[in-house]
Structures are given as structure tokens and as C-alpha cells.
Amino acid sequence: MNAQLKMAGQSPELLGLDSILVGSLPATLMTPNAPDRYTVEAVFTRKTDRDEVVAIQGTDTRAHLAAHGFPTVELHVADRRLEISNTSLEELRDGLAAVIADRLAEISAALVVERELAASRFQDASVREQERAASVAALAGSVAFVRRPPRVDTDEGAGVSDWIEEGGALRD
């Protein structure tokens, strides 16, 4: 029996980023008053699920970014957008975008493997439960509430003769 489970919100496509929301960038970019670091919003390629959001915003992702030279960058999921804080377009262009893309793909792939393993365990448990239930039903079916034939005592006559030898009966 092959069973496939569809997890809520799960998509077979790896999570990625499509484009930057230019309208969300600071209005002063490329002017003398431009900030050095700011928040850049990027659009996901699909809707994220709860597990992906937790992983993206988790300490492992922060450690991953720091290990790749981006210790001050923070990621936050807001609906279908990834808010990348404490960065710049230049930093994204020069390598941060690739590091984030790789991390999103790693998260998606790890969750797919985790879900497939959980589905396999669920399937195995379901098969074991079906086998157990069938065994219980078979055992219950083997129980018969049928009266046994009356017991015939073959030593009934011998008991009377034993009493005669006891001296309690009259002899002829």
C-alpha cells in the first residue's frame, strides 16, 4: 500500500526569493543622505509554511549568516515577504543574496526530508496498527461461547463398590 500524505502548507517547490520590493527601500538611496544599512524586503517564490518561518527566523539561520560574514543581518518573515534588516543593496549583490538563497533552499530541503520521514513512520505505524487490529479480531473470533457436553464420570460404579468394602453396606 502506497500512501502519500499532503501536509498543510507544504509545497514540493524549494523556497526562494523572487525580487526586491523597490517601493519599500528608503527614499534617500543614492543621495548624500542615504543610510549605510537599512531593511530590504524581498518577495518569496511561494507562501511559506509555519516550520519554514520558524527556521528562517531561528538561531541556526542567524549563526549561518554570521558564519558567512554577515553577523548583523537579521531575517524576518512578513506574509510573502522576507525582511532583511541591517543590510544594503550592495551587500546583497556582493554575496548576501546568494547566502540567503542557499539557506532558504537548505531549510526547504531539510523540511521535505523531515516530512517524508514522518510520513514513512506514520505509514509504518498505520500498517502495524492494522495488523494488530486484525490479530485482535482473529483472536476474538476464535472465542466460542458453546456449552461443553455434560461430563460423564466413568468411575461412578467403582465408587459404590468401594463403599461396600468400607463396611457401611449390607452384604448378601
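You will find that of R50, R80, the residue that is open to solvent by 90 Å² or more (accessible area, probe 1.4 Å) and touching a residue at least 40 places away in the same chain (Cβ under 8 Å) is R50 and no other. The conditions of being modelled with pLDDT of 95 or more, within 13 Å of V99 (Cβ to Cβ) and in a loop (DSSP other than H, G, I, E, B) are met by P71.
Is the stretch 110-120 home to any residue that is assigned to a helix (DSSP H, G or I), touching a strand residue (DSSP E or B) at 6+ places or on another chain (Cβ under 9 Å) and open to solvent by 70 Å² or more (accessible area, probe 1.4 Å)? No - not one qualifying residue is present in the stretch 110-120. Residue pairs whose Cβ atoms lie under 8 Å apart, separated by 6 or more positions or on different chains, with the first residue in the stretch 15-32 and touching a residue at least 40 places away in the same chain (Cβ under 8 Å) and the second open to solvent by 60 Å² or more (accessible area, probe 1.4 Å), are L21/R81.
Within the stretch 115-126, residues that are at negative phi have Cβ atoms under 9 Å from residues that are surrounded by 12 or more Cβ atoms within 10 Å (Cβ to Cβ) and charged (D, E, K, R) in these pairs: R115/D51, counting only partners at least 6 apart in sequence or on another chain. For the stretch 137-158, does any single residue satisfy the condition of being open to solvent by 60 Å² or more (accessible area, probe 1.4 Å), of a type outside the set (F, W, Y) and modelled with pLDDT under 60? Yes, the stretch 137-158 contains a residue that is open to solvent by 60 Å² or more (accessible area, probe 1.4 Å), of a type outside the set (F, W, Y) and modelled with pLDDT under 60.
The values are calculated or read from the model by the stated rules, or taken from the named source; none is laboratory data. Worth saying up front: this structure is predicted, and the values here are computed from it rather than measured. Quick reminder, even Gly has a Cβ in these numbers, built from the backbone with ideal geometry, and neighbours come from all protein chains shown. Just the protein is used for accessible areas: all its heavy atoms, side chains included, with ligands, DNA and RNA removed. Shrake-Rupley method; radii C 1.70, N 1.55, O 1.52, S 1.80 Å.
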